[in-house]
Structures are given as structure tokens and as C-alpha cells.
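A quick write-up on the structure given underneath.
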């Protein structure tokens with residue numbers, strides 16, 4: 001469990017179109033085996049420390065004739081942003097994915113002292 005003990009807690013959120021591979025026959029739509037797409041996300045302002053990040057698929061367009069496999073996660077979370085990663089594998093054919101995210105974490109307050 002991550003304890004948020006700071007008095008100034010902030011929330012940021014957004015939506016990212018991960019890819020639209022059906023339009024140009026990209027690898028998520030035409031490929032086979034392990035595939036991934038990465039997108040960098042920058043918060044609207046920095047947190048005091050790395051926040052908690054929650055991600056979810058808000059739109060998916062997948063071929064119904066193949067197995068539907070999807071893995072979405074946040075990696076490399078810092079106070080300024082993170083990397084959004086979508087993975088699929090096997091015979092899955094993914095036309096497009098949009099991912100939504102929300103970050104909760106401590107903010108620097110007006111009364112904070114910087115002793116560095």
C-alpha cells in the first residue's frame with residue numbers, strides 16, 4: 001500500500017490513442033506473435049514524488065475471429081510522467097486501442113520548505 005500522508009494531493013488524468021494499425025496494415029493488425037506499443041505521458045504539472053497511476057482500455061477494436069489478448073500497464077512512473085505500454089501476442093489482431101489514465105499523488109504546497 002502506498003500511504004499518501006502529504007496535505008496537498010493532486011489528480012491528473014488523460015486519454016491516449018495508442019495506435020490505429022488497421023488504417024495502414026500496421027503490426028498490431030497484421031502481425032503475429034509478441035507485439036507492443038509504447039507512448040510517453042507527461043503530467044500537466046510535476047508531482048512532489050512518483051504518483052499512483054491507474055490505466056484502463058477506454059476503446060478497443062479487435063478482430064472477432066482471433067483470440068483477444070491484451071495487456072495494458074504503466075511503466076517507468078516518475079514525478080513528471082510515465083510510459084504507457086500495450087502488449088498483445090499470438091494470433092490476436094488489434095485494429096486500435098485508446099487508453100485512459102489517472103494519477104494521484106503528493107503536490108508541492110506553498111508552505112513546503114526546500115532545505116536543499
- request: Name, by its number, the condition in (1) over 21 Å from residue 102 (Cα atoms); (2) modelled with pLDDT of 95 or more that does not hold for residue 68.
  value: (2)
message: Could you tell me how many of the residues in the range 31-62 are within 18 Å of residue 17 (Cα to Cα) and out of contact with any helix residue (DSSP H, G or I) (no Cβ under 8 Å at 6 or more places or on another chain)?
response: 18
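The values are calculated or read from the model by the stated rules, or taken from the named source; none is laboratory data. Just so you know, these numbers come straight off a predicted model, no measurement behind them. Note that we place each Cβ from the backbone using ideal geometry, even for glycine, and neighbour counts take in every protein chain shown.
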